[in-house]
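Bear in mind that the values in this text are calculations on the coordinates, not laboratory data. The structure displayed is predicted, hence computed values, not measured ones. Every residue, glycine among them, receives a Cβ derived from its backbone with ideal geometry; neighbour counts consider all protein chains shown.
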Amino acid sequence: MVVGREESRDDEKAADLLFGALADPTRRDIFRRAHEGRLSVSALAREYPISLAAVQKHVAVLERAELVSKHRVGRESIVRVETDALQRAHAALDRLESEWRGRIERIDQILDEDKGEDKGDS
Amino acid sequence: MPVTDVNKDLDALTMTITAEFDAGAERIWEMWSDPRQLERWWGPPSYPATFVDHDLSPGGRAAYFMTSPEGQKFHGWWRIEEVDPPGRLRFEDGFADDEGKPNEEMPTTIATVTIAEADGATTMSIESKFGSREGMEKVVEMGMEQGMIEALGQIDALVAGEKA
């Protein structure tokens, strides 16, 4: 299965990029801040004792790992946490599923208790 | 497991779950129409629901709150769109503020419940749909935040462990 192998190689590459990107404390911190809200590259540079170029390099690593994306707003370059729309829809529908699975299980339990009571009466 | 099927439509943003119960349709309908029974299953055991209002008629409303283990109350509401006992119920479900007033900023979902009895067993299917794509995005943001923060915490712990 050539296709499967290629896919898994891609997955591995993506994982390497992801873990590589998050293996650095400054990049983890940038990612965490970006997650709390959109922030500009220049505002980030003020937060760390490193050059603007160094911050830009860190952001580029996070971008390659598809953890963040950069958007131009006026003269500012804004860093935002990247999640793909399909992934978000999946996550949202998974939440609905687990919520309703729980409810259905609880209804089933109540029905079981009904039967227990019936037996007790007879 | 009573669940027989789950189907998700990523474009329409709907999740449909089907379950089969060893009971009649009237009994299953009671789970919805009797607020005291509804309270036994609507919220998870750690967040039990209390219904303070429950009017299952078209245009009618229900109001409830779920209580956290710490005693914090989370309010919610239903707006009934369609009702046809014991076969069909359609309602919008949303969040409310502490006074029970609907919070328009928060996402809503629309549930369509279909109940059908055949050969002594009853099939209930629920189609749950996000009121809007923005609402769905909000739900994900709220959940994702927690997940990512936890994941980052684990990575931090791993890295700290390596250093130690």
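Pull out a ≥ b ≥ c, the square roots of the eigenvalues of the alpha-carbon gyration tensor of segment B:1-92, then state rounded if a/c is under 1.5, prolate if not and a/b is larger than b/c, and oblate in the remaining case.
Working: a/c = 1.37, a/b = 1.24, b/c = 1.11.
Rounded, since a/c falls under 1.5.
Please compute the net charge surrounding B:P35, taking Lys and Arg as +1 and Asp and Glu as -1 over other residues with Cβ under 12 Å from its Cβ.
Numbers: positive: B:R36, B:R40; negative: B:E30, B:D34, B:E39, B:D53, B:D55.
Here the charged neighbours net out to -3.
In nm, give the distance between the simple-model label positions of A:Y48 and B:L10, each being 7 Å from the Cα along the Cα-to-Cβ direction.
Taking the two extended label points, one gets 3.2 nm.
Using Cβ counts within 10 Å as a stand-in for footprinting exposure, how do A:I110, B:I28 rank, fewest first?
A:I110, B:I28
What percentages, rounded to whole numbers, describe P(r) for chain B computed over all alpha carbon pairs with 5 Å bin width beginning at zero?
Using 5 Å bins, I get a P(r) of 2, 8, 13, 17, 19, 16, 10, 6, 4, 3, 2, 1, 0 for chain B.
Kindly flag which residue pairs out of A:K13/A:K57; B:K101/B:K138; A:K13/B:K129 have an alpha-carbon separation exceeding 30 Å in this structure.
On the way: A:K13/A:K57 20 Å; B:K101/B:K138 20 Å; A:K13/B:K129 35 Å.
As for pairs spanning more than 30 Å Cα to Cα, those are A:K13/B:K129.
What net charge is computed for the residues neighbouring B:M66, neighbours being all others with C-beta under 11 Å from the C-beta of B:M66, Lys and Arg scored +1, Asp and Glu -1? Write out the running numbers ahead of the final one.
Numbers: positive: B:K73; negative: B:E39.
Summing Lys and Arg as +1 and Asp and Glu as -1 gives 0.
Near the amide H of B:M106, under 5 Å away, which other amide H atoms are found, from residues 5 or more places off or on another chain, if H is placed in the peptide plane?
Answer set, sorted by chain and number: none.
Out of residues 5 or more away from B:H54 or on other chains, whose amide H comes under 5 Å of its own, with H placed 1.01 Å from N in the peptide plane?
B:A63
In sequence order, what are the phi-derived ³J(HN,Hα) couplings for segment B:123-133 according to the Karplus relation 6.51 cos²θ - 1.76 cosθ + 1.60 with θ = phi - 60°, rounded to whole Hz, with x for glycine and proline?
Per residue, the Karplus-derived 3J(HN,Hα) values read 9, 10, 10, 10, 9, 10, 9, 6, x, 7, 5 Hz.
Would you mind ranking B:T4, B:T109, B:T67, B:T14 so that the residue whose beta carbon has the fewest other beta carbons within 10 Å leads the list? Present the calculation step by step, with values, prior to reporting the outcome.
Values: B:T4 11, B:T109 21, B:T67 15, B:T14 18.
Placing the least packed residue first, the sequence is B:T4, B:T67, B:T14, B:T109.
Taking each residue of B:7-14 in turn, how many C-beta atoms of other protein chains fall within 10 Å of its C-beta, and what is the average?
Numbers: counts 2, 7, 2, 7, 2, 1, 4, 2.
The mean count of partner-chain Cβ atoms within 10 Å per residue comes to 3.
Can you list residues whose amide H is under 5 Å from A:E82's amide H, if they're 5+ apart or on another chain and H is modeled 1.01 Å from N?
The answer is A:V68, A:S69.
Counting Lys and Arg as +1 and Asp and Glu as -1, each charge on the Cβ, what is the dipole of chain B about the Cα centre in debye, to the nearest 20? Display every interim value, and only then the final one.
On the way: 14 positive and 32 negative charges, 32 e Å.
About 160 debye.
Using a ≥ b ≥ c from the Cα gyration tensor of segment B:76-146 (square roots of the eigenvalues), is it rounded, prolate or oblate, where a/c under 1.5 gives rounded and otherwise the larger of a/b and b/c decides, a/b for prolate?
Working: a/c = 2.96, a/b = 1.85, b/c = 1.60.
Because a/c hits 1.5 or more and a/b exceeds b/c, segment B:76-146 counts as prolate.
Treat each spin label as a single point 7 Å out from the Cα along the C-beta direction, and report the A:E66 to B:S132 distance in nm.
So the label points at A:E66 and B:S132 sit 2.9 nm apart.
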